[in-house]
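Visitor: One structure, pasted below without further comment.
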Amino acid sequence: MGRITETRKLYKETLYEITKTEENWLSFLDSSSWNFKYDFADQILIYAQRPDATACADIETWNKRLKRWVNKGAKGIALLSIENGRSVLRHVFDISDTHSGIGQDLKLWEVKPSYTNGIIETLENSFGNLEIKDTLAEAIYSSSINLVEDNFQDYLVDLKEVTEGSFLQELNDIELESYFRGILANSIAYMTMKRCGVEPMEHFNLSDFELIKQFDSKRVVSRLGAAISDIAEQELREIY
């Protein structure tokens, strides 16, 4: 079996796994919170191969832009791309697979307590009036809801086209919209809190994610994942 076929198989298997239980889903969100600049398909493959990866880039980016070298023998994370209509593999490496070429540490961004007020203000300026904002976690949750309200319609249209053969097929339009908005807002808020160093499970229960098990076909998970990764990226880039 060729590497491309193997990678495709890994992608499909992981896609099914992540929505089987709430725990699987949160484990995937933990990983994708660090890899929010990647699209959903890449996030799946990074999670499948290196769930602990915190900063991935290709060799050229590490060498030229970040002045870091990939360690000898490090195994790249295989990602799939389409070039000229054909599937090709490209490889990225996690920061833990690299070392500095100039003797400098590379610090990943983190949210310090002193940044909180500035971040809350920025979220409000960018994404509209926040319903609750006494803490960073509340502000993240409120801005996630605002973002979902502003963006979910287009994704919902796509989702409606692919529900056949999944549990979602049984739902009427109002139920489908409610399920979709709920799991979207909770997943985006969870991801954003995680990357900002806020413990999400102090603000959520597992039951807040039980709807994920209803997204039980490749096509519906892909639509949900695309929405989450696009919208969470907007929020996290703003904070970054």
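The values are calculated or read from the model by the stated rules, or taken from the named source; none is laboratory data. Because the structure is a prediction, the values reported are computed rather than measured. For neighbour counting, all protein chains shown are included, and Cβ atoms are generated from backbone atoms with ideal geometry for every residue, glycine included. Just the protein is used for accessible areas: all its heavy atoms, side chains included, with ligands, DNA and RNA removed. Shrake-Rupley method; radii C 1.70, N 1.55, O 1.52, S 1.80 Å.
Visitor: Just grab the label-to-label distance for Asp230 and Lys213, each label 7 Å out from Cα along the Cβ direction, in nm (one decimal).
Guide: Here the answer is 2.9 nm between the modelled labels.
Visitor: Also: How much accessible area per residue does the range 117-203 have, counting only protein heavy atoms and a probe of 1.4 Å, in square angstrom?
Guide: Details: 4340 Å² over 87 residues.
Solvent-accessible surface per residue comes out at 50 Å².
Visitor: Leaving ligands, DNA and RNA out of it, report the carbon-plus-sulfur percent of the accessible area of the range 1-151 at a 1.4 Å probe.
Guide: Numbers: 4140 of 8470 Å².
Within the range 1-151, the accessible surface is 49 percent carbon and sulfur.
Visitor: Quick check on packing: order 87-96, 132-141 by the mean number of other C-beta atoms within 10 Å, highest mean leading.
Guide: Values: 87-96: 16.3, 132-141: 18.9.
Taking the mean over residues of other Cβ atoms within 10 Å, the ranking is 132-141, 87-96.
Visitor: Let me ask something additional. Once you have the alpha carbon radius of gyration of the range 184-240, what is it after dividing by 2.2 N^0.38 Å, with N set to its residue count?
Guide: On the way: Rg = 12.1 Å, N = 57, 2.2 N^0.38 = 10.2 Å.
It is 1.18.
Visitor: Along the charge dipole of the chain, which of Thr19, Ile140, Ser96 sits closest to the positive end, that is, farthest toward it, with unit charges on the beta carbon of Lys, Arg, Asp and Glu (+1, +1, -1, -1)?
Guide: So the residue furthest toward the plus end is Ser96.
Visitor: Answer rounded, prolate or oblate for the range 116-197, using the Cα gyration tensor with square roots of eigenvalues a ≥ b ≥ c: rounded when a/c is under 1.5, else prolate when a/b is larger than b/c, else oblate. Walk me through the intermediate numbers first.
Guide: On the way: a/c = 3.08, a/b = 2.41, b/c = 1.28.
Note, shape of the range 116-197 comes out prolate.
Visitor: Could you give the accessible area per residue of the range 1-114, probe 1.4 Å, as a whole number in Å²?
Guide: Working: 6530 Å² over 114 residues.
Per residue, the range 1-114 has an accessible area of 57 Å².
Visitor: For the chain, calculate the relative contact order in percent as a whole number, restricting contacts to Cα pairs under 8 Å that are 6 or more residues apart. Show your work: numbers first, answer last.
Guide: Working: 300 pairs, mean separation 60.0, N = 240.
25 percent.
Visitor: Could you tell me which of rounded, prolate or oblate describes the chain, using a ≥ b ≥ c as the square roots of the eigenvalues of the alpha-carbon gyration tensor, with rounded for a/c under 1.5 and, failing that, prolate when a/b is larger than b/c and oblate otherwise? Don't skip to the answer; put the middle values down first.
Guide: Values: a/c = 2.05, a/b = 1.14, b/c = 1.79.
Here the chain falls in the oblate category.
Visitor: Still on this model: Show that you can apply the helix-only estimate: for the chain, add -39,500 (n - 2.57) for every DSSP H stretch of four or more residues, divide by all residues, and state [θ] at 222 nm to the nearest 500.
Guide: Numbers: 7 runs with 121 residues, N = 240.
Counting only the DSSP helices, I get -17000 deg cm²/dmol.
Visitor: In addition: Which of the three applies to the range 1-101, rounded, prolate or oblate, going by the alpha-carbon gyration tensor with a ≥ b ≥ c and a/c under 1.5 meaning rounded? Numbers along the way, then the final one.
Guide: Numbers: a/c = 2.07, a/b = 1.31, b/c = 1.58.
Oblate, since a/c reaches 1.5 and b/c is not below a/b.
Visitor: What GluC sites (Glu not before Pro) in the range 139-240 are in a loop by DSSP, with at most 14 other Cβ atoms within 10 Å of the Cβ? Could the numbers behind the result be given before it?
Guide: Working: sites: Glu149, Glu161, Glu164, Glu170, Glu175, Glu177, Glu202, Glu210, Glu233, Glu235, Glu238; in loops: Glu161, Glu164.
Loop-located and lightly packed - Glu161, Glu164.
Visitor: Moving on. Taking the Cα centre of the range 3-73 as origin and charging only Cβ (+1 Lys, Arg; -1 Asp, Glu), how large is the dipole, in debye to the nearest 20? Kindly include the intermediate steps, with their values, before the conclusion.
Guide: Working: 12 positive and 11 negative charges, 107 e Å.
For this selection, approximately 520 debye.
Visitor: In whole percent, what relative contact order does the range 1-110 give with Cα contacts below 8 Å and a gap of six or more residues?
Guide: Numbers: 131 pairs, mean separation 27.3, N = 110.
Computed over the range 1-110, the figure is 25 percent.
Visitor: Return the subset of Lys12/Lys67; Lys107/Lys218; Lys64/Lys218; Lys72/Lys218; Lys133/Lys194 for which the Cα-Cα distance in this structure is over 27 Å, preserving the input order.
Guide: On the way: Lys12/Lys67 35 Å; Lys107/Lys218 36 Å; Lys64/Lys218 37 Å; Lys72/Lys218 37 Å; Lys133/Lys194 17 Å.
As for pairs spanning more than 27 Å Cα to Cα, those are Lys12/Lys67; Lys107/Lys218; Lys64/Lys218; Lys72/Lys218.
Visitor: Oh, and also: Quick one: go through the range 81-100 and flag any residue whose amide nitrogen is under 17 Å from the point 7 Å out along the Cα-to-Cβ line of Asp52.
Guide: 93-99
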